[in-house]
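Derivation of every value follows stated rules applied to the coordinates shown; laboratory data play no part. Quantities reported herein were computed from a predicted structural model and do not represent experimental measurements. A quick note on method: Cβ atoms are made from the backbone with ideal geometry, for glycine too, and the neighbour counts reach across all protein chains shown.
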Amino acid sequence: MRPQFKADAVALYESRPEVTIRSVAADLGINPETSRNWVRAAGVSRPRGRRTQEPSQPPTPLEAENAALRKKVRELEEEREILRKAAKCFAGETRW
């Protein structure tokens with residue numbers, strides 16, 4: 001794998017505190033152990049236990065839906081960018 005793809009995979013894991021290494025690996029089509037090794041090599045660590053603080057007042061259903069949709073759009077944009085870079089990388093390697 002190209003160094004940029006590895007760095008992007010680690011950045012994707014690092015930018016989303018709610019995801020696991022296994023889920024990032026599945027999204028990118030790579031082995032979870034490979035992804036885990038990349039994360040360890042990059043020195044990325046997460047605190048154990050609760051990752052986010054509870055808001056003082058629960059959001060309204062519309063606010064919650066908007067937040068979920070914004071989050072999903074960000075995730076899809078990041079994944080698309082990583083896959084676009086990977087496709088360019090693999091296209092350059094497979095010359096006939």
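The simple spin-label model puts a point 7 Å past each Cα toward its Cβ; for Ala91 and Arg2 those points are separated by 1.0 nm. Going 7 Å from the Cα of Glu81 toward and past its Cβ, which residues in segment 14-45 have a backbone nitrogen under 18 Å from where you end up? Under cut-off, by backbone N: 14-19, 24-25, 27-28. Fully extending the segment from Ala68 to Arg22, taken as 0.36 nm per residue of separation minus the present Cα-Cα distance, adds 14.4 nm. Size descriptors for segment 1-43 (Cα atoms only): Rg and Dmax, in that order, 9.0, 26 Å.
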